[in-house]
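Peer 1: First, the structure itself, so that you have it in front of you.
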């Protein structure tokens, strides 16, 4: 395909309830969308970067700059290109994986719509439905937490993930375990909030038969995750540390993790996410699909990814109404604790352009051949 233009849309979408983690509290989602216009058709991609660089070093304003000044110009210079070649075209730009992933997703969407191929078919999905978990933020009180968790159980979610931090860990986990009973699937996510000084505290979580503890230490500290994995019975899962397939394989071989959270945005795109899945499958390491409060655009691609064979644990692919009163595509609706994998061309969803306009933070920015 040949690029004709790129439009960047920045939206502000309110959340149905605040979402608090160890590093921030969100009441809305600032969403950057990439709309790609080519000679074979159009495609959409969603950038998962947050408004501030608290979860990762990337943030929305930085992604806008990188896409405008570096990534889009490289596509124009390339002339003809395919989604499979995008990573190579972007290789001169160090890091900025979330920005790269958003553009690659838009390219892939355009390419697959032109060939009438779904993301699921392209990835090699083996399921028509994927099991859904839900991520539960830090609550004001334990009764508030139990009310929220109880509502998700009633809706049919198959797994509960609790955000934890020092001072909000053992007591809320104990309360939710009691609510779920011994057979309920429960895991926790620390978002790098702990250090090895908290080892004994983290060991207390072994009493609650958790599926896993996710990313307790900072991204670069693989050694501490190795020591933790040796000291506790709960499986250690890495998220923020895993920036590509090579890092994942190294962490697995060093014993730092036995489960991997795959987020396409964090690893630089869906094609790298597929490679990471394949590597973990060959090593016998289970994976699951993480979430970043995506709209229907990113959710559609995530659901297709999670339908691959190696995704054996429920992911954070929640229904649209978990986060948004109204989605910018047709809503994803929970069916017996599962989401249906889209079968239409590309992502299989239709962008509601009227909402893109209504929720715009600034007018659409068009990037043409003279950018960069």
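The values are calculated or read from the model by the stated rules, or taken from the named source; none is laboratory data. As the structure is a prediction and not an experimental result, all values here were calculated from the model. FYI the Cβ positions are ideal-geometry reconstructions off the backbone, even for glycines, and counts take in every protein chain you see.
Peer 1: Would you tally the residues in segment 293-317 being in contact (Cβ under 8 Å) with a residue 60 or more places away in the chain and either within 16 Å of residue 347 (Cα to Cα) or crowded, with 23+ Cβ neighbours inside 10 Å (or both)? Explain how you work it out, then say what you get.
Peer 2: Of the residues in segment 293-317, the ones in contact (Cβ under 8 Å) with a residue 60 or more places away in the chain are 293-295, 297-298, 300-301, 303-309, 311, 313-317.
Narrowing the set further to residues that are either within 16 Å of residue 347 (Cα to Cα) or crowded, with 23+ Cβ neighbours inside 10 Å (or both) leaves 294-295, 297-298, 300-301, 303-308, 311, 314-317.
Residues flagged as in contact (Cβ under 8 Å) with a residue 60 or more places away in the chain and either within 16 Å of residue 347 (Cα to Cα) or crowded, with 23+ Cβ neighbours inside 10 Å (or both) within segment 293-317 amount to 17.
Peer 1: I need a count of the residues in segment 138-153 that are crowded, with 17+ Cβ neighbours inside 10 Å and assigned to a loop (DSSP other than H, G, I, E, B).
Peer 2: 2
Peer 1: Of the conditions (1) crowded, with 20+ Cβ neighbours inside 10 Å; (2) farther than 28 Å from residue 164 by Cβ, residue 74 satisfies every one except a single condition; which number is it?
Peer 2: Of the numbered conditions (1) crowded, with 20+ Cβ neighbours inside 10 Å; (2) farther than 28 Å from residue 164 by Cβ, the odd one out for residue 74 is (1).
Quick grid of which residues meet (1) modelled with pLDDT of 95 or more; (2) closer than 22 Å to residue 299 by Cα:
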residue	(1), (2)
23	no, no
34	yes, yes
45	yes, yes
64	yes, yes
72	yes, no
77	yes, no
85	yes, no
99	yes, yes
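Peer 1: A follow-up question, please. So for segment 218-227 (the condition being at positive phi and under 20 Å from the mean Cα position of the chain (by Cα)), does at least one residue qualify?
Peer 2: No - not one qualifying residue is present in segment 218-227.
Peer 1: Residue 93 versus (1) over 23 Å from residue 357 (Cα atoms); (2) crowded, with 18+ Cβ neighbours inside 10 Å: which is the lone unmet condition?
Peer 2: (2)
Peer 1: In the set 175, 233, 207, which member is part of a helix (DSSP H, G or I), surrounded by fewer than 18 Cβ atoms within 10 Å (Cβ to Cβ), assigned by TED's automatic domain parsing to the domain that holds residue 309 and in contact with a helix residue (DSSP H, G or I) (Cβ under 7 Å, 6 or more places away or on another chain)? Give the steps one after another, and end with the answer.
Peer 2: On the way: 233 fails: part of a helix (DSSP H, G or I); 207 fails: in contact with a helix residue (DSSP H, G or I) (Cβ under 7 Å, 6 or more places away or on another chain).
Every option except 175 fails the conditions.
Peer 1: Mind counting the residues in segment 269-291 that are outside any helix (DSSP H, G or I) and either within 24 Å of residue 345 (Cβ to Cβ) or outside the structural domain of residue 240 (by TED's automatic domain parsing) (or both)? If you could, list the steps in order and put the result at the bottom.
Peer 2: Of segment 269-291, the ones outside any helix (DSSP H, G or I) are 269, 284-291.
Restricting the remaining residues to those that are either within 24 Å of residue 345 (Cβ to Cβ) or outside the structural domain of residue 240 (by TED's automatic domain parsing) (or both) gives 269, 289, 291.
Of the residues in segment 269-291, 3 are outside any helix (DSSP H, G or I) and either within 24 Å of residue 345 (Cβ to Cβ) or outside the structural domain of residue 240 (by TED's automatic domain parsing) (or both).
Peer 1: Next up: What is the residue count in segment 321-340 for residues that are within 25 Å of residue 116 (Cβ to Cβ) and either assigned to a loop (DSSP other than H, G, I, E, B) or in contact with a helix residue (DSSP H, G or I) (Cβ under 6 Å, 6 or more places away or on another chain) (or both)?
Peer 2: Number of matching residues: 8.
Peer 1: If you don't mind, there's one more thing I want to ask. Restricting attention to segment 47-62, and to residues there that are over 17 Å from residue 25 (Cα atoms) and at pLDDT 95 or above, which single residue is surrounded by the most Cβ atoms within 10 Å (Cβ to Cβ)? Quick ask: steps written out before the conclusion?
Peer 2: So the first thing to find is which residues in segment 47-62 are over 17 Å from residue 25 (Cα atoms), and the list is 47, 57-58, 61-62.
Among the residues that remain, those that are also at pLDDT 95 or above are: 47, 58, 61-62.
Working: 47: 29, 58: 21, 61: 15, 62: 15.
For segment 47-62, the residue satisfying everything is 47.
Peer 1: Please go through segment 94-125 and give me each residue that is closer than 22 Å to residue 4 by Cβ and not in a helix (DSSP H, G or I), ordered by number.
Peer 2: Across segment 94-125, the qualifying residues are 115, 116, 117.
Peer 1: Can you pull out the residues in segment 154-167 that are without any contact (Cβ under 8 Å) to a residue 60 or more places away in the chain and buried (at least 19 other Cβ atoms within 10 Å of the Cβ)?
Peer 2: 160, 162
Peer 1: Picking from 343, 366, 350, which residue would you name as being assigned to a strand (DSSP E or B) and either surrounded by fewer than 22 Cβ atoms within 10 Å (Cβ to Cβ) or in the same structural domain as residue 80 (by TED's automatic domain parsing) (or both)? Let's see the steps before the verdict.
Peer 2: Values: 343 fails: assigned to a strand (DSSP E or B); 350 fails: assigned to a strand (DSSP E or B).
Sole residue among the options that is assigned to a strand (DSSP E or B) and either surrounded by fewer than 22 Cβ atoms within 10 Å (Cβ to Cβ) or in the same structural domain as residue 80 (by TED's automatic domain parsing) (or both): 366.
Peer 1: If you don't mind, another one. Do you know which residues across segment 126-137 are under 22 Å from residue 292 (Cα atoms) and assigned to a loop (DSSP other than H, G, I, E, B)?
Peer 2: Filtering segment 126-137 for residues under 22 Å from residue 292 (Cα atoms) gives 129-137.
Within segment 126-137, just 137 meets the criteria.
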